[in-house]
């Protein structure tokens, strides 16, 4: 089985740099970008149905109120980008890294975000529903009040994550160590409670 390595910043290809352009409301359906670098752009209300971005770098890009369906952002790097009210449905974010980004009202439904890096991300109130996030790096992430339901978090890095008040029902939580995260008021189902109790050394049943 192939091992995916989390994205790292690529050396920009001068012929594939897009800088300062206004793509407000643009439709990107079906387009493909490989190893492009996007600097300081406005992607507000972009409509993206099935576009592919592979090994691309986004720096200072505003994704506010953008909508992405069946799109792919694989092994990409996002630096200082804004995702206010952005929504991703059945998208791939495999191996992508997010640094110093903002995520107000961020929503992800379905798709595969395995191996993505979101360390320290402020995801308070975000929605992750039915997403595959295996071995995702959520170290120190803020997920207070977030809805993380039906999510596959197998092997995810959750050390020092803040999950107070989060809805975690239906998610795979075998990698969650309740002694290293903030979980007061988080909501789980009975099956998850048994998994966490076993992780703490209790014999269940």
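Read-outs: derived from the displayed coordinates by stated rules, not from any lab. Just so it is clear, the model here is predicted, and its values are computed rather than measured. Heads up, the Cβs are rebuilt from the backbone with ideal geometry, glycines too, and the neighbour counts pull from every protein chain shown.
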What residue among 60, 20, 95 has the largest mean-square fluctuation in a Gaussian network model of the chain, using Cα springs under 10 Å? 20
Using a 10 Å cut-off around each Cβ, can you sort 196, 17 from fewest to most neighbouring Cβ atoms? 17, 196
In which sequence would 96, 174 go, from the one with the fewest C-beta neighbours within 10 Å to the one with the most? 174, 96
Between segment 34-49 and segment 54-108, how far is it from one alpha carbon centroid to the other, in angstrom? 9 Å
Estimated [θ] at 222 nm from DSSP helical runs (n ≥ 4, -39500 (n - 2.57)) normalised by residues in the chain, nearest 500: -1500 deg cm²/dmol
Quick check: residue separation of residue 160 and residue 39 times 0.36 nm, minus the Cα distance between them. What number comes out in nm? 40.4 nm
If you stretched the chain out fully between residue 22 and residue 200, how much longer would it get, using 0.36 nm times the residue separation minus the C-alpha to C-alpha distance? 58.9 nm
With each label point set 7 Å from Cα along the Cα-Cβ vector, what nm distance links residue 14 and residue 177? 4.9 nm
Degrees separating the helix 190-199 axis from the principal Cα axis of the chain, which is the longest one: 80 degrees
Using a 10 angstrom cutoff on alpha carbons, build the Gaussian network for the chain and name the most mobile of 42, 189, 85. 189
Taking a ≥ b ≥ c as the square roots of the eigenvalues of the Cα gyration tensor, with a/c under 1.5 meaning rounded and otherwise prolate when a/b exceeds b/c and oblate if not, segment 164-205 is oblate
Honestly segment 106-150 on the Cα gyration tensor test (a ≥ b ≥ c root eigenvalues; a/c under 1.5 rounded, otherwise a/b vs b/c for prolate or oblate) is just oblate
